[in-house]
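The structure under discussion appears below in the form of C-alpha cells.
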Amino acid sequence: MANTALHRSVSLLLTNKSGGSVAAGAVALVDSTTAASFTTTTTAALTTDVLGVVLEPNGIAANAQGLVVTQGYCPKVNLSAAASLGDTFNTHTVAGQAAPHAAIATGDFGEVLGAGSTPACVLWGYPTQAGGGGGGA
C-alpha cells in the first residue's frame, strides 16, 4: 500500500505569501509576520525558523492555501543536486530548494529516504543548531 503522507506527518494548512506559485516538494518557511502562512527563503542552512515542504501535488499558487508538511514523512523534496540514500539536507540559496549532503550539518531539517533530486524524505520538525546535534540522524 502506498504511503499517502498522512502516516504520522504533521501538515499545516498555510497561505502562500512567497510572491509566486510554489511547486510540490518546494521548501517552505513558516512566515512569522503573517498569520497561518509561508514564504520561501534564499538563506543557506537556516536554523532559526520552522521549515516544511509543500505537499500539494499541483503546488500552491500565490495567496492560495495548501498543505505544508513540517514533520514526519513527505513524498517529495526538491533538492539542488542528487542525493544518496540517508543524506540530510538544509535550506539552499535558491528559493524552494534544499541542499543535500552526506554528513549531518547545522541547519539540517530532514533526511532523504531515497536517491535522486526529488526523493521522499522525513522532516524532523526543527533545523539542527550549531554543532550538528538534534534532528534525527
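The values are calculated or read from the model by the stated rules, or taken from the named source; none is laboratory data. What you see is a predicted model; the values in this text were computed from it and never measured. For neighbour counting, all protein chains shown are included, and Cβ atoms are generated from backbone atoms with ideal geometry for every residue, glycine included. For the accessible areas, the whole protein counts, side chains as well, though only heavy atoms, and no ligand, DNA or RNA atoms are used. Shrake-Rupley method; radii C 1.70, N 1.55, O 1.52, S 1.80 Å.
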Need the failing condition index for Ser37 against (1) buried (at least 19 other Cβ atoms within 10 Å of the Cβ); (2) of a type outside the set (A, V, I, L, M); (3) under 12 Å from the mean Cα position of the chain (by Cα), just the number.
(3)
Can you tell which of Ala62, Ala99, Ala28 is more than 12 Å from the chain's Cα centre (by Cα), of a type outside the set (Lys, Arg) and either at pLDDT 95 or above or more than 21 Å from Asn16 (Cβ to Cβ) (or both)?
Ala62
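Yes or no, residue by residue, for (1) on the phi < 0 side of the Ramachandran plot; (2) assigned to a strand (DSSP E or B):
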{"site": "Leu14", "(1), (2)": "yes, yes"}
{"site": "Gly25", "(1), (2)": "no, no"}
{"site": "Ser32", "(1), (2)": "yes, no"}
{"site": "Gly72", "(1), (2)": "no, yes"}
Considering only residues that are more than 23 Å from Gly107 (Cα to Cα), open to solvent by less than 30 Å² (accessible area, probe 1.4 Å) and assigned to a loop (DSSP other than H, G, I, E, B), which ones fall in the stretch 40-66?
Gly59
Let me confirm something: among Ala82, Ala130, which residue is open to solvent by 20 Å² or more (accessible area, probe 1.4 Å), more than 18 Å from Gly20 (Cβ to Cβ) and modelled with pLDDT of 95 or more?
Ala82
